[in-house]
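See below for the structure under consideration.
Nothing in this text is a laboratory measurement; each read-out follows from the coordinates by a stated rule. What you are looking at is a predicted structure, and each value in this text was computed from that prediction instead of being measured. Note that each Cβ is placed from the backbone with ideal geometry, even for glycine, and that neighbours are counted across all protein chains shown.
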Amino acid sequence: MRSVLKLLIVLGLLFLTAPVVFADPAIMITSYTLTPTVLMPGDSAQLQVTITNTETTDTTTTTTYSDSLPRIQTVKTNAATIESIWIASDGDGRNSVKAHNNIPNLGDLAPGASVTVSFLLTAPENITEGLYFPVLHVDVETYKDVQYPIPIRVSNLSASLLAKNVPSKISTSGSTPITITAVNKRETAVEDVTITAQTEDTLHISPQTVYLGTMESETSEDIVFSLQPTQIGSYNVSFMISYRNGENLHTDTVSFPVEVVPNSDVSPVFYTFPTTISRGSSKRISLEVYNAKTERITGVIVVPETNLTIFPSQYFIGTMDPDDVFSASFDISADGASLGNHTVSFKVVFKQDNEYFESPVISHSIQVVSPSKVKTDYSTGIIALVSLVLVVVVSLFYIVRKRRHR
């Protein structure tokens, strides 16, 4: 019994003399957002971090005992006094994602409360693409250095332009359509995508600027421009794509040479073209292609372009000698087409001296009407014809009868 009593006395003295240990507030990084989500070299980004005091009670009470009786009772608030929040680059910091601000003396964060702070991050121009882990540090009054690595991806993938359908030689007669393809190779969307033509004054391009807006990741879009030269010669045609990754503006330019030659002397001419077509029916369009050149041309193809259904999609002629004339026919259908006027265009693509050429585009308008209107017009025409015949018959009968009476 005496040994037990001695043990209790020793334990009591230990409780009286030992320092009071308080539980530190549980500071945690509960979420973060990065805009843009994937950086390009030279980009800036906004990092928003939410810090939470995960304690569930406002205070912590600590009681010490002596001889089974409470002697000292200490009450401590569980609020966290945040002294500093800062971000350190991983690696040596020279070619890493860097933070450009820190947040000192944020103040007390109550139990269960959260606070969101923002940092400006940048990726240097010469940074190597890859995954980086800058470390977020939170210093609290009672203890130091809560650490949280933030994964940030840097990618060299970009949006760019490709020359899809650009002949190396074009004619001074009329305008020549050219097709440029905008491609977003990034794994994230890009915003404010704009394509701008950059040419010399003697080359007129329409439209001058095309705004595409948002391009989703790994998508492409074709843009058709009309190129109309005023003088023969050799030129460089350039197109620039500009876009934003977050708030960061990026540009890329594609250029290609174009030689402007005199009149191509090869073009399609309409032979028969219907002015109307009823929805659900089809009609035939006939053209003639004349080679007014003094040399043979090869790979001659007549290419139609319309939002109506047309067959065939291309008419292959092949080789044409000087002064040759070939006919080409297309069946056009208005199945499912909207009522109103529709444009049907044709051009001739051919090869001469290992160079590809395109003729000026010719266009004609055709009106899609409802079948009921066609029937009504037909009935009206029949009635008018019958009425005219009756008038003629009655007139002849009256004239013959009058002569007999004489």
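Summary table
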quantity: Efficiency of FRET from Cβ geometry, Gln367 and Ser238, R₀ 51 Å, rounded to 0.05; calculated: 0.80
quantity: Contour excess over end-to-end distance, with Cα ends at Thr319 and Thr179 and 0.36 nm allotted per residue; calculated: 47.8 nm
quantity: Estimated distance in nm for a label pair at Asp192 and Thr81, the labels positioned 7 Å out from Cα along Cα-to-Cβ; calculated: 4.5 nm
quantity: Virtual paramagnetic centre 7 Å along Cα→Cβ of Glu355, amide N under 16 Å, in the range 210-232; calculated: 229-232
quantity: Sorted by Cβ density within 10 Å, fewest first, the residues Leu120, Leu131; calculated: Leu131, Leu120
quantity: Of Lys283/Lys347; Lys185/Lys351; Lys185/Lys347; Lys98/Lys185; Lys164/Lys185, those spanning more than 23 Å from alpha-carbon to alpha-carbon; calculated: Lys185/Lys351; Lys185/Lys347; Lys98/Lys185
quantity: Two-site FRET efficiency, Asn126 against Thr37, from Cβ-Cβ distance with R₀ of 25 Å, rounded to 0.05; calculated: 0.70
quantity: Gain in span if fully extended, Asn102 to Thr50, counting 0.36 nm per residue against the direct Cα distance; calculated: 17.2 nm
quantity: Projected label distance in nm at Glu141 and Ser281, using a 7 Å step from Cα toward the beta-carbon; calculated: 9.0 nm
